[in-house]
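The values are calculated or read from the model by the stated rules, or taken from the named source; none is laboratory data. Please read these numbers as outputs of a predicted model, since none were measured by experiment. Positions of Cβ are backbone-derived with ideal geometry, glycine not excepted, and every protein chain shown enters the neighbour counts. When the accessible area is computed, the model is the full protein with side chains, heavy atoms only, and any ligands, DNA or RNA have been set aside. Shrake-Rupley method; radii C 1.70, N 1.55, O 1.52, S 1.80 Å.
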Amino acid sequence: MVTRKEVAELAGVSEATVSRVFNGLGPMKLATKERVLEAAKQLDYHPNAIAQSFARRRSGNLGVVLPYMPKVHLFSAFYFSEILSGIGEQVREQGYDMLLSLLTPDESLDYTRLYRSQKVDGCVILGSRNTPQQRQSLEQLQQQGLPFCLVNQHFEGLSFHEVDADHVEGSYQAVRHLQDEGYRKIAFMNGSTDYSNSSDRLRGYTQAMNDAGLVISPELLLQGNYSRKSGYEAAAKLWEYRDQVDAVFAANDRMAIGLMQGLREKGWIAGRDFAVVGCDDSDAAKLSDPPLSSINVPFYEMGKEAARSVLTGVLGARSDNPKQIQLSTQLMVRQSSKRFSD
């Protein structure tokens, strides 16, 4: 299939110019228009009907795609509620409305249906996973020139509009903090490998351990799924290796709090018998017993930035070059990771 980029290269113009020619938008020199049309004819290029329809009309809605997970209180989860708050604030400021769409894991990934039905002018996509189907569907959106932005996810080898946080640096700082407190046998509890922040946090942990010359044994690597239950269940395994562990870094607060609860039942108290650091800096981190040290991830700001990025393109300043925005994280130190002393 011939792409808009190929037409632009043959005509010696930008992709945006090709788009304006076929959508009849804006003033343009006649010679430029004829050059684009001639290039399209030579290449047998046919513009995408969905993208053309989208370019000419607006719904006034920004779509937000969320994963549908039965029995999970999605909107009460700190991660989603903060991002949605940021998106909502930005669409309000720009005079738009927000349209939520829930996508089940086994549902056919066809994001273009929202555009086809003229329901949305652009999309912010949350909870996307690194699967072949997901990658193919996102590439399809990009090829059709439909504006969208991913939040808290990136794909190796692909380049989309993305707003993410520096999970590598945040994780590195969390582990270095534990090392500065005197801990050396530091375990890591990660979430699903379908999400890029899992590999990013593992990379930060690994770098910090290697820089300190510390060995990472298999017993120090725990696997969860970002739920409190998976953290609670991991406590049993960690208890078996308690002589080889004196601290834990967990890839989110829910797993960290579940782990703390499970180990407390066995008589091991965080902030006394071992240290723990979580990630997200959720409200639960401040209310846990003891208060949980955690990496603050600016989810609210990420949501705002993603909405701003998409709507800027919708309202006339669209860029053909995917933009990756990465926001800083910050370690919040509380009682759970401080060295206990009598």
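If DNA, RNA and ligands are ignored and the probe is 1.4 Å, what is the ranking of Glu6, Glu162 by accessible area, most exposed first?
Output order, biggest surface exposure first: Glu6, Glu162.
Around Met189, which amide H atoms from residues at least 5 apart in sequence, or from another chain, sit under 5 Å from its own amide H, with H modelled in the peptide plane?
When sequence neighbours closer than 5 places are left aside, the close amide H contacts are Leu222, Phe249, Ala250, Ala251.
Given the protein chains as shown and a 1.4 Å probe, how many square angstrom of Phe160 are accessible, to the nearest 10?
Probe radius 1.4 Å; accessible area of Phe160 about 0 Å².
Counting each DSSP H run of 4 or more residues in the chain as -39500 (n - 2.57), what helix-only mean residue ellipticity at 222 nm follows after dividing by all residues, to the nearest 500 deg cm²/dmol?
-13000 deg cm²/dmol
At a threshold of 8 angstrom on Cα-Cα distance, excluding pairs fewer than six apart, so keeping six or more, what relative contact order does the range 177-263 reach in percent?
Normalised by residue count, the contact order of the range 177-263 is 39 percent.
Looking at the square roots a ≥ b ≥ c of the eigenvalues of the Cα gyration tensor of the range 101-153, which shape do they give, rounded for a/c under 1.5, prolate if a/b is larger than b/c, or oblate?
rounded
Check Met332: other-chain or 5+ apart residues with amide H under 5 Å from its amide H, H built from backbone geometry?
Ser294, Ile295, Asn296
Whole-Hz Karplus ³J(HN,Hα) for the range 273-286, in order, using 6.51 cos²θ - 1.76 cosθ + 1.60 and θ = phi - 60°, x for Gly and Pro?
Taking θ as phi minus 60°, the curve returns 9, 7, 10, 8, 10, x, 8, 2, 6, 6, 4, 5, 5, 6 Hz for the range 273-286.
Please give the per residue accessible area of the range 146-270, computed with a probe of 1.4 Å over protein heavy atoms only, in Å².
40
When the chain is modelled as a GNM with alpha-carbon springs shorter than 10 Å, which of Ala165, Ala208, Ala236 fluctuates the most?
Looking only at Ala165, Ala208, Ala236, the largest GNM fluctuation is found for Ala236.
What percentage of the solvent-accessible surface of the chain, computed with a 1.4 Å probe over protein heavy atoms, is contributed by carbon and sulfur atoms?
The computed percentage sits at 48.
Compute and list, largest first, the equivalent-ellipsoid semi-axes of the range 192-274 from the alpha carbon gyration tensor, each √(5λ) rounded to a whole angstrom.
20, 17, 10
What does DSSP give for the chain in terms of the percent of beta bridges that are antiparallel, rounded to the nearest 5?
10
With both bridge residues required to lie in the range 239-342, what share of the DSSP beta bridges run antiparallel, to the nearest 5%?
25
If DNA, RNA and ligands are ignored and the probe is 1.4 Å, what is the ranking of His161, His46 by accessible area, most exposed first?
Per-residue accessible area, sorted high to low, gives His46, His161.
I'd like the accessible area for Val215, computed on protein heavy atoms only with a 1.4 Å probe and all protein chains in place. Round to 10 Å², please.
120
As I understand it, the dipole of the chain uses +1 on the Cβ of Lys and Arg and -1 on the Cβ of Asp and Glu, about the Cα centre. Which of Pro132, Ser81, Asn23 lies farthest toward its positive end?
Value computed over the given set: Asn23.
At 1.4 Å probe size, with no ligands or nucleic acids counted, give the accessible surface of Ser282 in Å², nearest ten.
Ignoring ligands and nucleic acids, Ser282 comes out at about 10 Å².
Cα axis of helix 228-240 to longest principal axis of the chain: angle in degrees, 0 to 90, nearest 10?
Around 40 degrees separate the two axes.
Sorted by accessible area with a 1.4 angstrom probe, largest first, how do Arg135, Arg254 fall?
Reading off the accessible areas and sorting them downward yields Arg254, Arg135.
From the C-alpha coordinates alone, can you work out the Kirkwood hydrodynamic radius of the range 158-242, in Å?
Across the range 158-242, the inverse of the average 1/r is 13.9 Å.
Through the Karplus equation 6.51 cos²θ - 1.76 cosθ + 1.60, θ set to phi - 60°, convert the phi angles of the range 177-191 into ³J(HN,Hα) values in whole Hz; use x for Gly and Pro.
4, 4, 5, 5, 7, x, 7, 10, 9, 9, 8, 10, 10, 9, x
Say the cut-off is 27 Å between C-alpha atoms; which of Lys185/Lys304; Lys41/Lys119; Lys33/Lys304; Lys29/Lys119; Lys119/Lys304 go over it?
Result: Lys185/Lys304; Lys41/Lys119; Lys33/Lys304; Lys29/Lys119 exceed 27 Å.
Amide H to amide H, which residues 5 or more places from Gln326 or on other chains are under 5 Å from it, using H placed in the peptide plane?
Hits under the 5 Å cutoff: Asp164.
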